[in-house]
Amino acid sequence: MLQFLLLLPLLLPSALALSAPSLEPFGQSPLLLPPAASSSCLGTWSWGNRLLYGYDESDDERIGEAYDAAVGLGVRLFDTGDSYGTGKLRGNAERLLRGSFERTPSDPPPVFLSKIAVYPWLLTVDSYYDAILASRGRLIPPPPPTFSPSSNPSAFTAPPSPPPPHFLPSLHWSPSSYLPSQLPSLLSALSRSYLEGHAPAVAVSNLGPSALLSALDHFQKRGVPVACNQLQCSLLADYERDVAPALRVAGDAGVATLGYSPLALGLLATPSGEPVRGARGLLFRAQGRDKGQLRLLEAMDEIGGRNGKTRSQVALAWVQAKGLAPLFGARSGAQVEDSAGGGGWGLAGEEMAELEERRVRVEKKAQRNVFLND
């Protein structure tokens, strides 16, 4: 017994290390997240978009429930943007995201990725830097007030506050194909936000292999870590052309890749029986269904049925199997559960092969994002 007590101080750290959850770096950033927290990302594009999603302020309560459900499932990555919200609702998604965090703080704290839109009137480093700081101000709560040491012994002492979210500013798309003079200003503003201590890293989006290599070179020369690149990726995307080349570049550089629109704007989602609001209804009718799509959906339903998973969970599992973290949208707790409630489930080898065989036979691919810059 005495020998055990003498050895206890030596054994305790090892035991704690075995019981503690493993942490993984998020790309090149210094952020360390549990694997479950970085395996998927909740997108907020619909949290203010009336044109495409028919957003209404009455949706806000359900949107809050979506955030709570995501946090409850271990999600800690949230994607937003300063353009997420049409017209007078610009920045609405950012404000809702901050309000959700203030109501439901979490530890580890969430990571808020904010994509900065490339508006034609933003031409200088200062203009983009101001846009980055404005986005940060909408997303990150101000620090709690500090109290001077006890000149008044009976002064109220505030309880410790939860750690604030991490803010990651991101390039939304590259203007190099139509106004290339904007790109150096935006990249320099992103670098400045890191170098001046406003963000632990930066991120990029919609960059193909050549554009990604160029951006990584810019940031590397300035000592700026890059957390992730975002690419449109689903079973209806042209994976070989639009995803695989940039995914290899990111992997070689230690940069994570998020796959957005894993449900192809809902074309691959679990049927809900609800009418599709906004311009997406026109998209659904224009896209139509070919035989290849129908056979793919049948395979997804069969695989989901065998495993007790939804069609949406099958779609996200395929994106994860390809090496990307799926970035899915949701405006209710039920939608979050439908997409991300798979509990770490993954596709078996033969299931992946079946989906691959069906995928390559689809003739009507999802519309390629016009902002993807090769």
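What follows is calculated from the coordinates using simple rules that are stated; it is not laboratory data. Since the structure is predicted, the reported quantities are computational estimates derived from the model, not experimental observations. Here the Cβ is made from the backbone with ideal geometry for all residues, glycine too, and neighbour counts use every protein chain on show.
Once both labels are modelled 7 Å past Cα along the beta-carbon direction, what's the residue 32-residue 290 spacing in nm?
Reported label-point gap for residue 32 and residue 290 is 4.9 nm.
Determine the distance separating the Cα centre of the range 331-351 from the Cα centre of the range 36-109; give it in Å without decimals.
19 Å
Round to the nearest 0.05 the FRET efficiency obtained for residue 298 and residue 374 when R0 = 41 Å and r is the Cβ-Cβ distance. Numbers along the way, then the final one.
Details: r = 34 Å, r/R0 = 0.82.
Given R0 = 41 Å and the Cβ-Cβ separation, E is 0.75.
Hey, with R₀ at 56 Å, roughly what FRET efficiency would residue 244 and residue 161 work out to, going by the Cβ-Cβ distance, to 0.05?
Details: r = 43 Å, r/R0 = 0.78.
The value I calculate is 0.80.
Taking a 24 Å limit on the Cα-Cα distance, which of the listed pairs 88/365; 322/364; 115/364; 291/365 fall beyond it? Could the numbers behind the result be given before it?
Values: 88/365 34 Å; 322/364 21 Å; 115/364 29 Å; 291/365 12 Å.
Violating the 24 Å Cα-Cα cut-off are 88/365; 115/364.
Run the simple label-point estimate for residue 177 and residue 24 please: 7 Å along Cα→C-beta, distance reported in nm.
With each label point 7 Å from Cα toward Cβ, the separation is 3.1 nm.
What ranking do 22-29, 175-182 get when scored by the average of other Cβ atoms within 10 Å per residue, highest first? The partial results should precede the final answer.
Values: 22-29: 17.9, 175-182: 14.0.
The most tightly packed comes first, giving 22-29, 175-182.
Would you grab the residues whose amide H sits under 5 Å from the one on residue 232? Only those 5+ places off in sequence or on another chain, please, with H modelled 1.01 Å from N.
Correct list: 260.
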